[in-house]
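Undergrad: Structure below; questions to follow.
The values are calculated or read from the model by the stated rules, or taken from the named source; none is laboratory data. Everything numeric in this text was worked out from a predicted model, so none of it was measured. Cβ placement follows ideal geometry from the backbone for every residue including glycine, while neighbour counts extend to all protein chains displayed.
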2 protein chains.
Amino acid sequence: MSAGEPEPEQGPEPGTVRPGGRTARVRAAVLQAAGDVLAEQGFAHLDLGDVARRAQVGRTTVYRRWGTVTALVADLLQDMAEQSLPRTETGSLLGDLRANARLVQRTLTDARQGPLFKAVIAAATWDARTAEALHRFYDTRVAEWAPCVRQAADRGEVPEDTDAHEVIRAVSAPLYYRLLTSDVPLDRAAADRAAEAAAAAARAGAYVRHHKRT
Amino acid sequence: MSAGEPEPEQGPEPGTVRPGGRTARVRAAVLQAAGDVLAEQGFAHLDLGDVARRAQVGRTTVYRRWGTVTALVADLLQDMAEQSLPRTETGSLLGDLRANARLVQRTLTDARQGPLFKAVIAAATWDARTAEALHRFYDTRVAEWAPCVRQAADRGEVPEDTDAHEVIRAVSAPLYYRLLTSDVPLDRAAADRAAEAAAAAARAGAYVRHHKRT
């Protein structure tokens with residue numbers, strides 16, 4: 001079967017093939033191709049037929065399984081969240097946040113991942129479904145790292161009722177903000193400063209949960 | 001002269017009319033229309049002819065003066081930087097940063113300004129000239145507020161060699177990050193927390209300038 005040609009409508013039902021089988025290989029190839037297009041050309045140039053050709057997968061498969069560009073990007077984001085590295089545990093809040101900040105900084109300065117994230121963030125500003133998928137991606141990543149703040153609270157490094165998710169978000173925020181609003185390089189010093197600032201603010205109680213005012 | 005029709009090539013040279021004269025009124029109308037299109041439809045829908053029609057200004061004037069959509073957006077950003085409110089001085093770092101955070105929060109949640117900023121940030125991810133203009137906008141706004149950190153250093157609230165620009169950027173970062181990566185409302189509590197976190201981190205020395213390692 002040549003790339004770009006519709007493939008025969010046959011084979012197992014979606015979801016009935018074990019992970020690592022043909023279905024998983026097709027998904028991996030298609031998501032790789034979709035990520036390549038996003039990184040190289042942006043969301044506006046994403047086209048299911050083009051992705052099928054790049055992935056050397058039948059167009060019918062891509063249209064049947066994903067249907068729309070938006071659904072494809074949502075699946076890509078879900079896959080990225082699942083594939084993300086587990087958090088590093090260093091034994092101190094500053095060490096853990098620094099590991100998180102450096103991971104974010106490496107991702108955003110990666111030649112493929114950086115443009116890919118910019119493209120998806122841009123698309124999320126005008127496409128509600130892409131925004132939902134992007135929000136889920138960050139929720140997943142933040143939840144993966146939040147336990148390091150709760151461990152720090154157990155060790156007495158930060159107040160007991162510190163909002164762990166807000167601390168993790170505070171580490172990423174200055175890195176994304178620099179990426180999107182300045183031409184200052186996003187270097188490791190920026191990552192370490194982001195971690196240090198978040199840790200200092202957390203220690204000072206800036207992320208203690210807001211209690212309802214009476 | 002009807003809107004949308006080329007106007008006669010006459011009148012004073014650009015730049016020779018005093019501010020407040022016809023040139024300034026045309027610019028104000030065109031930038032207002034450009035901002036409206038950005039806020040309502042996004043950068044991709046921005047068209048000089050459409051802007052001229054909305055602004056009730058001759059197409060020729062718009063093409064001659066701005067030439068490209070990118071140049072028009074750059075001029076809009078320059079005007080926004082010039083029109084921005086001067087900083088508030090409260091006498092304490094936390095008070096000043098809170099005023100800044102609330103200003104940013106009000107801007108980003110404004111029905112017109114919020115979508116406008118999202119549209120320009122998105123366009124800056126793929127258009128280098130828009131990115132340059134956006135960076136200049138933020139540099140201008142950060143420079144306007146940076147003196148409050150230097151005043152805090154003079155009062156002994158933060159270390160002497162605190163990077164004032166980094167502190168101001170730290171206030172905005174979590175607000176933009178929340179706007180772009182989550183569906184959690186950007187409320188005043190978020191603004192106050194951003195100010196409190198940046199002030200606490202600054203006091204702890206997290207924004208002290210990096211000295212060259214030897």
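Undergrad: Restricting attention to the range B:111-122, which residues are more than 7 Å from every other protein chain (Cβ to nearest Cβ) and either within 18 Å of A:Glu40 (Cβ to Cβ) or basic (Lys, Arg) (or both)?
TA: Once the filter is applied, which keeps residues that are more than 7 Å from every other protein chain (Cβ to nearest Cβ) and either within 18 Å of A:Glu40 (Cβ to Cβ) or basic (Lys, Arg) (or both), the range B:111-122 yields only B:Arg112.
Undergrad: Sticking with this one: With the structure loaded, tell me whether A:Ser92 is surrounded by 15 or more Cβ atoms within 10 Å (Cβ to Cβ), of a type in the set (S, T, N, Q) and under 14 Å from the mean Cα position of the chain (by Cα) or whether it fails that test.
TA: no
Undergrad: Name the pairs: first residue in the range B:56-81 and of a type in the set (D, E, K, R), second residue modelled with pLDDT of 95 or more, Cβ to Cβ under 7 Å, at least 6 apart or on different chains?
TA: Final answer for the pair search is B:Arg59/B:Gly49; B:Arg59/B:Ala52; B:Asp75/B:Leu31; B:Asp75/B:Trp66; B:Asp79/B:Leu31.
Undergrad: Taking the range B:146-167, which residues are away from chain A (no Cβ under 11 Å) and within 16 Å of the chain's Cα centre (by Cα)?
TA: Of everything in the range B:146-167, just one residue is away from chain A (no Cβ under 11 Å) and within 16 Å of the chain's Cα centre (by Cα), namely B:Ala146.
Undergrad: Considering only residues that are more than 8 Å from chain A (Cβ to nearest Cβ) and at pLDDT below 95, which ones fall in the range B:185-214?
TA: Matches in the range B:185-214: B:Arg209, B:His211, B:Lys212, B:Arg213, B:Thr214.
Undergrad: Something else: Tell me whether the range A:61-71 contains one or more residues that are assigned to a helix (DSSP H, G or I) and in contact with a Phe, Trp or Tyr (Cβ under 9 Å, 6 or more places away or on another chain).
TA: Yes, because at least one residue in the range A:61-71 is assigned to a helix (DSSP H, G or I) and in contact with a Phe, Trp or Tyr (Cβ under 9 Å, 6 or more places away or on another chain).
Undergrad: If you check B:Leu175 against the conditions, is it more than 8 Å from chain A (Cβ to nearest Cβ) and under 20 Å from A:Leu179 (Cβ atoms)?
TA: Taking the combined requirement at face value, the residue satisfies it.
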